[in-house]
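What follows is a set of notes on a single structure, which appears directly below.
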Amino acid sequence: DTPLDPYVRLFTPTLSDQTRAIASGTIRMGGLLANPYQLTVEATVDRLEMTLFDYGVRIPRPIRLTMQNEVVRVEDFQLVGDQTQLSIGGSVSLGDERVALRANGDANLGILQGFMKDVRGSGRATLTAAIDGPMYEPNFSGSAVITDGRVRHFSLPNSLDGINGAIRFDSRGIRL
């Protein structure tokens, strides 16, 4: 039952102060701590509950994370919540500083408020997305089909309502 959000904010200070995460699990380590290349880590997250402003998500089953040869692999990571069922997987190479992650599934647009503190959303998106490339300049790509979406940025006087359609994104930009 460890809160994770204070630690995440060390690396991502812009994370909304309304985002909370509590996790429980186990970590096994083997190898020489002085040589991370030879270090093997296996982690199982048995419980993860996140609150993103007023929107909650959790994991329906344990997440498995492994690290071997400076490569972190994410296996069987699923998030569920109101109108949300996302699967996330892939790897992050710490030595090469490269990322290769994928996300697929349905998401309630309320999840946006956990990552952008001045944005509120509602509606549904069917998402296929990828993050690939160097960590310092990753390439985002994928698509989402929005159904009955609503997005509001607090600095704007009005929201965008009744959003329906496809969004495609890649390194060149976003196409609506």
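The values are calculated or read from the model by the stated rules, or taken from the named source; none is laboratory data. Remember, predicted model here, so these are calculated numbers, not experimental data. Cβ coordinates were reconstructed from backbone atoms using ideal geometry, including for glycine residues, and neighbour counts include every protein chain displayed. These area figures cover heavy atoms from the full protein model, side chains too; ligands, DNA and RNA do not enter into them. Shrake-Rupley method; radii C 1.70, N 1.55, O 1.52, S 1.80 Å.
Key figures
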{"item": "Hits in the range 12-25 (condition: touching a residue at least 40 places away in the same chain (Cβ under 8 Å) and open to solvent by 30 Å² or more (accessible area, probe 1.4 Å))", "result": "Thr14, Asp17, Gln18"}
{"item": "Qualifying residue in the range 71-79 (condition: of a type outside the set (A, V, I, L, M, F, W, C) and at pLDDT 90 or above)", "result": "yes"}
{"item": "Qualifying residue in the range 113-123 (condition: of a type in the set (D, E, K, R), within 19 Å of Asp5 (Cα to Cα) and touching a residue at least 60 places away in the same chain (Cβ under 8 Å))", "result": "yes"}
{"item": "Qualifying residue in the range 32-42 (condition: among the hydrophobic types (A, V, I, L, M, F, W, C), in contact with a strand residue (DSSP E or B) (Cβ under 7 Å, 6 or more places away or on another chain) and in contact (Cβ under 8 Å) with a residue 12 or more places away in the chain)", "result": "yes"}
{"item": "Only listed residue being among the basic types (Lys, Arg), open to solvent by 50 Å² or more (accessible area, probe 1.4 Å) and in a helix (DSSP H, G or I), chosen from Arg9, Arg47, Arg28", "result": "Arg9"}
{"item": "Qualifying position, being aliphatic (A, V, I, L, M), closer than 19 Å to Ala21 by Cβ, in a strand (DSSP E or B) and open to solvent by 40 Å² or more (accessible area, probe 1.4 Å), among Ile174, Ile88", "result": "Ile88"}
{"item": "Filter result for the condition that a residue is more than 19 Å from the chain's Cα centre (by Cα) and more than 23 Å from Glu97 (Cα to Cα), over Thr147, Thr126", "result": "Thr147"}
